[in-house]
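The values are calculated or read from the model by the stated rules, or taken from the named source; none is laboratory data. From a predicted model like this one, the values you see are computed outputs, not experimental measurements. Because the Cβ atoms are built from the backbone with ideal geometry, glycine has one as well, and the counts that use them run over all protein chains shown. Each accessible area value is taken on the protein alone, full model and side chains, heavy atoms only, with ligands, DNA and RNA left out. Shrake-Rupley method; radii C 1.70, N 1.55, O 1.52, S 1.80 Å.
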Amino acid sequence: MYYLDSEKSIIKHFQSVKPKSVYFPIESEEVIKVFESIHDQENWKLWIESAGKADPPPDFFSDTYKYMMEAMRVDDHSFKNKKGKVVNPTNSHIRDLEKEIMQSGIMEMCPNAELMINAFTDLPTNKDHNYKYYYKNFIRIVEHHKKRIALYKRNHPNYKVIFFIMDESSAYIEAKNIDDLTKERQVGEMVLGQPHLHFMDKRFIMAFENSDIDYLIWYTPFKLINSPTGKLDLPEVCVFDNKRSMQQSLEYDENHMVSVEI
């Protein structure tokens with residue numbers, strides 16, 4: 001099975017993040033406690049998985065901490081086709097590669113190995129990584145799970161609600177020149193623009209702010225930006241205390257957003 005298909009594997013991946021790569025937009029003792037309850041492997045033993053098809057949602061809960069958590073994945077590949085069906089060319093390619101690998105017998109030789117696939121679709125950059133796909137997919141996924149919060153609360157009364165978002169998108173910049181969105185770029189070619197600070201983007205924040213979500217953990221391990229002065233360090237994890245509104249947010253011109261990946 002593909003590594004990120006499992007909620008437990010996602011949490012394991014998350015627990016490898018260095019504390020210096022974690023950002024708290026609004027820091028408090030409670031939001032730090034939320035993060036440490038999941039990130040620390042010993043604390044994580046106090047959680048119970050409830051992600052099976054027959055299990056009551058959400059995916060995890062802790063009677064010790066009085067927290068419950070729903071895990072979800074978002075990316076910048078998925079979009080609705082003309083028939084209104086959500087399609088994802090990258091995930092389809094991953095499934096094909098996964099099937100080939102399983103049929104090859106390689107995994108039988110390494111029964112404890114975990115399958116991590118980096119699939120290339122040969123699509124143009126703006127079709128493979130697309131900002132409009134990204135924020136619409138993010139909003140759609142969060143809204144879907146927000147509708148289930150009442151059910152979560154019935155299953156675990158008086159527990160705090162945590163949304164854990166595994167965000168598989170690339171990093172973006174707001175390009176100064178519109179031509180940079182349409183032309184095919186070469187490896188190492190520079191694009192002039194401002195980095196996309198996803199954790200301050202108003203389109204994304206509005207999807208979860210002022211909702212019944214108490215805390216939101218936004219895990220973005222694949223946002224890497226190189227500049228002439230070196231690597232730009234974006235946080236790998238942002239942890240929101242959702243009952244405390246952001247003091248400011250940023251608005252980006254969606255027609256100028258371009259992925260840094262070729």
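Structural remarks
- Rg/Rh, computed from the Cα trace of segment 143-182 with Rh as the Kirkwood radius, has the value 1.34.
- Entries of LYS33/LYS146; LYS153/LYS202; LYS33/LYS132 with Cα pairs more than 29 Å apart: LYS33/LYS132
- Solvent exposure of segment 202-262, expressed per residue, is 51 Å² of accessible area, with all protein chains present and a 1.4 angstrom probe.
- Mean Cβ neighbour count within 10 Å, used as a protection proxy, ranking 205-212, 52-59 highest first: 205-212, 52-59
- Candidates SER50, SER21, ILE38 compared by Cα position along the dipole of segment 18-59: farthest toward the positive end lies SER21, with charges placed on Cβ.
- Highest mean first, the peptides 131-143, 25-37 sorted by other C-beta atoms within 10 Å per residue fall in the order 131-143, 25-37.
- Summed residue charge, Cβ within 9 Å of THR220's Cβ, Lys/Arg positive, Asp/Glu negative: -2
- Segment 197-262-segment 9-28 distance, computed between alpha-carbon centres (Å): 14 Å
- Using distinct alpha-carbon pairs, which all enter the 1/r mean, Kirkwood radius of segment 1-57 in Å: 13.0 Å
- Test item: Cα-centred dipole of segment 1-50, Lys/Arg +1 and Asp/Glu -1 on Cβ, debye: 220 debye
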